[in-house]
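Here is the structure we will look at.
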Amino acid sequence: MFIAGTPKLNRPQYARTGAKKFVVYVRDPESGRVKKVRFGERGTRIKRKDPERRRSFRARHKCNEARDVTSARYWSCKMW
């Protein structure tokens, strides 16, 4: 996928259009190309101030194992 211009890498931002809430551009370590990763459900709020919700989210998504920067799981966990 070719992306016009030079997007800021590794900085999540709100997605203007589409089904997902956030978008982040990352460099794929295998191919060296810039990849667009979309994540987050549009229309929902992230309630990260509640410790129980935060703990539950991180356990459900196995955030301590998320290492691949080209995955939505990694970025979703990083937002929490």
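Each residue in region 7-35 was checked for being of a type in the set (Phe, Trp, Tyr) and without any contact (Cβ under 8 Å) to a residue 12 or more places away in the chain, and 1 pass. Contact map, region 36-63: first residue free of Cβ contacts under 8 Å to residues at least 12 places away in the same chain, second residue surrounded by fewer than 12 Cβ atoms within 10 Å (Cβ to Cβ) and assigned to a loop (DSSP other than H, G, I, E, B), Cβ cut-off under 7 Å, separation 6 or more or different chains; pairs are Arg53/Lys47. Out of Glu30, Glu52, one residue alone is exposed (fewer than 10 other Cβ atoms within 10 Å of the Cβ) and part of a helix (DSSP H, G or I). It is Glu52. Of the listed requirements (1) at pLDDT below 95; (2) outside any strand (DSSP E or B); (3) surrounded by 14 or more Cβ atoms within 10 Å (Cβ to Cβ), Gly18 misses just one: (3).
Of everything listed in (1) part of a helix (DSSP H, G or I); (2) at pLDDT 95 or above, the single unmet condition for Arg38 is (1).
The values are calculated or read from the model by the stated rules, or taken from the named source; none is laboratory data. In this text, all values refer to a predicted model and were calculated from it rather than measured experimentally. Cβ: placed from backbone, ideal geometry, glycine included. Neighbour counts: every protein chain shown.
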